[in-house]
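The next block holds one structure in the form of structure tokens; read it before the comments.
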Amino acid sequence: MTSKILGISAYYHDSAAAVIEDGKIIAAAQEERFTRVKHDPRFPASAIEFCLTQLDCSITDLDAIIFYDKPLLKFERLLETYLANAPKGLRSFIRAMPIWLKEKLYLKSVLRRELRLLAGGDKKTKLPQLLFSEHHLSHAGSAFFPSPYKDAAVLCLDGVGEWATSSAWHGIENTLTPIWEIQFPHSLGLLYSAITYYCGFKVNSGEYKLMGLAPYGEPKYVDLIFDNLITVHNDGSFDLDMSYFNFAIGDTMTNNKFNQLFGGKPRNDESDVSQKEMDLARSIQVVTEEIVLKIVHHLHKQVPSDNLCLAGGVALNCVANGRILREGPYKNVWVQPAAGDAGGSLGAALVAWHHFFDGKREVCPENQTPVGMLNHDAMQGSYLGNVFNNEQIISAVNLQQLKFTVIEEEVLYDKTAELIEQGNVIGWFQGKMEFGPRALGNRSIIGDPRNTTMQATMNLKIKYRESFRPFAPAVLLEDVADYFEHTTSSPYMLMVADVKPELRLTTDEQRFGIDKLNQHRSTLPAITHVDYSARIQTVDKTTNPHFHKLLTSFKQLTGCSVLINTSFNVRGEPPVCTPEDAIRCFLATEMDYLVMNNIILKRSDQPQDAIEKAKAVEFAKD
């Protein structure tokens, strides 16, 4: 008899659902992909329905449903924090209470109500047992259980769960044992978010922008941050000076004392990014990396394994991850591709299987790893979302009376490679949708990394986002060392490495400003950041044969086995989910071609009224 488990994360940000069967991951998806509301925090009804479809069962067929954290512990933290700071924060407390008293405090009842609605609405419907994991245990479960290791240290760093903001674990076979934790309000994730907020970017989404901005700055504020905001101990643990922050009891991340320390109010998000923001971004990046490395070195003394697994929002800092791999004491580093709260749904489901049901865990032995696969894991390349056949795609295209061409698959990759080599920007919609924040070659916009104008074109005409944002390279796994100072697999775009010195065209005598974005820094200018770094995705023929074939065709045509890979969306919306989403995004931007399975649409062939309608829909979202 098989065991079917549903994991849910919801009500804070990035709600998601995941299902497993006898410990095997079947499907996982974020709610935002279906609702088109970026970082949607609501109950993931659509994601759950999708997951159950993939499992071919109903809610009542499940053996257990597990939520990714414990709301009562969160409420305890909220109350204790307000009581410790009273009467400060009274207005914030009054605003928070109605939500807690109406829903979050009674989350078990809320969840049962929502689940019964999905099951048909009958109040007498008998639901499976409802379990609750702790937030950081869910993160740890998502990091270790799908990893390729039987034994590993596990490190989880984020903003805050119930109480924990940082935690360390020892994973052995099917168990996770806690080692230590750091509790709220002392949080490396919230410190990074505070600088994100002060620099004028949105918390819980703008951290990516801050990381991308960092190479344009100098680390001028590092000492100021260490001397005033955070005290770091020999073991890597830390304390924040809360007199500078407002996030514990207020509506903002920082306060006037913080503003005075850095010489002014936070940047207005409508104003231009200045050198100050660049320097702050670089400084907090340096601080984060130094603290994380200190933590990792101390953790290795406690858990002297060869392997380290990472999860939590801070684990999406791919610059820090690259330094951990290069400079840390662990031989192998594996990062959960959905490292944030969305991945908590999957981690919770795996915790239920291994800890509540004592389910077995199978790890692929190194000597049985498929040819070409390094660090083989259980995530299936993170391709865990929905998939569409040609009939469904053609139906969506015909509905808008668009012109298209169907070509045989054996010539699809060569044809697409030719279009890319000619300077075209391609919407690439193939196979199963990715789980997590990164596009990994199935819901991607792709282009030629050798093209000197491609970065500006894609940022300004396709993505409609800040011009300083870098693009990531997708590279054939077998060729990664030919282009980058990196030799292992990086399938989830969560490691940063430098472009090889022989490919660089300029010296780094001074840092370029944002107005010098098109400086030809390497022979791959569109994916080389100002500091010669790149956020690498290695593409393996086992996990993504379609994308591997395209890269191989491009290599045969040009001698280059690298492509630009960025998520298939415009600023402000999540990556596309369905053919309808892909068509709308394609028509509303300046993309040249859309390739869905082996169906190709050329922008210049499409009726103008369809283009104008799609633009109206996209612009209405802004």
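Give me the 1.4 Å probe accessible area per residue for the chain, excluding ligands and nucleic acids, in Å².
Working: 24870 Å² over 622 residues.
It amounts to 40 Å² per residue over the chain.
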Please list, or write none, the aspartates and glutamates whose alpha carbon is within less than 15 Å of the alpha carbon of Lys265, excluding same-chain residues fewer than 8 places away.
Glu277
Amide proton proximity set for Phe238, modelled H, under 5 Å, gap of 5+
His233
Of the beta bridges DSSP finds with both residues in the chain, what % are antiparallel, to the nearest 5?
70 percent
If r is the Cβ-Cβ distance from Asp235 to Thr175 and R0 is 25 Å, what FRET efficiency results, to the nearest 0.05?
0.55
Which Cα, out of Ala194, Pro266, Gly206, lies furthest along the positive dipole direction of segment 167-285 (beta carbon charges, K/R +1, D/E -1)?
Pro266
Taking R0 as 22 Å, what's the FRET efficiency between Ser109 and Leu73 from their Cβ-Cβ distance, rounded to 0.05?
0.80
Karplus 3J(HN,Hα) series, Hz, for segment 48-53 with 6.51 cos²θ - 1.76 cosθ + 1.60 (x for Gly, Pro):
5, 4, 4, 4, 5, 4
In Å, the Kirkwood hydrodynamic radius from C-alpha pairs for the chain sits at 25.0 Å
Once His300 and Ala456 are pulled to full extension, the length gained, defined as 0.36 nm per residue separation minus their Cα-Cα distance, is 51.9 nm
Considering the alpha-carbon set of segment 569-615 alone, what are its Rg and its Dmax in angstrom?
10.3, 28
Asp122 accessible area, assembled protein chains, probe 1.4 Å, Å²
80 Å²
Sorted by accessible surface (1.4 Å probe, heavy atoms of the protein chains only), largest first, Lys602, Lys615, Lys541, Lys360 come out as Lys360, Lys541, Lys602, Lys615
For segment 201-207, take each phi angle, set θ = phi - 60°, evaluate the Karplus expression 6.51 cos²θ - 1.76 cosθ + 1.60, and give the result in whole Hz per residue in order, putting x for glycine and proline.
10, 7, 5, 6, 8, x, 4
Mind listing which GluC sites (Glu not before Pro) in segment 178-274 are in a DSSP loop and have 14 or fewer other Cβ atoms within 10 Å?
Glu270
Please give, to one decimal in nm, the separation of the simple spin-label points placed at Lys265 and Lys150, each 7 Å out from Cα toward the Cβ.
6.1 nm
Backbone HN-Hα couplings from phi across segment 496-502 [Karplus 6.51/-1.76/1.60, Hz, Gly and Pro as x]
10, 9, 7, 5, 4, x, 5
Normalised contact order of the chain, rounded percent, pairs of Cα under 8 Å and 6 or more residues apart
15 percent
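Show that you can apply the helix-only estimate: for the chain, add -39,500 (n - 2.57) for every DSSP H stretch of four or more residues, divide by all residues, and state [θ] at 222 nm to the nearest 500. It would help to have the intermediate numbers written out before the result.
Details: 19 runs with 208 residues, N = 622.
Only helices count here, giving -10000 deg cm²/dmol.
Could you size up the charge dipole of the chain around its Cα centre, putting +1 on the beta carbon of Lys and Arg and -1 on that of Asp and Glu, and report it in debye to the nearest 20?
Details: 63 positive and 75 negative charges, 285 e Å.
Value, rounded to 20: 1360 debye.
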Any idea what the relative contact order of segment 145-257 is, in percent, if you count C-alpha pairs under 8 Å spaced at least 6 apart?
17 percent
Roughly to the nearest percent, how much of the accessible area of the chain is carbon and sulfur, given a 1.4 Å probe?
50 percent
Counting other Cβ atoms within 10 Å, keep those with at most 10, restrict to DSSP loop, and tell me which trypsin sites (Lys or Arg not before Pro) in segment 397-487 are left.
none
Glu418 versus Thr125: modelled label distance in nm, points set 7 Å from Cα along the beta carbon direction
5.2 nm
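The values are calculated or read from the model by the stated rules, or taken from the named source; none is laboratory data. Note that the structure is predicted; figures quoted are calculated from it, not measured. Counting neighbours? That spans all protein chains shown, and the Cβs are built from the backbone with ideal geometry, glycine included. For accessibility, only protein heavy atoms count, side chains too; no ligands or nucleic acids. Shrake-Rupley method; radii C 1.70, N 1.55, O 1.52, S 1.80 Å.
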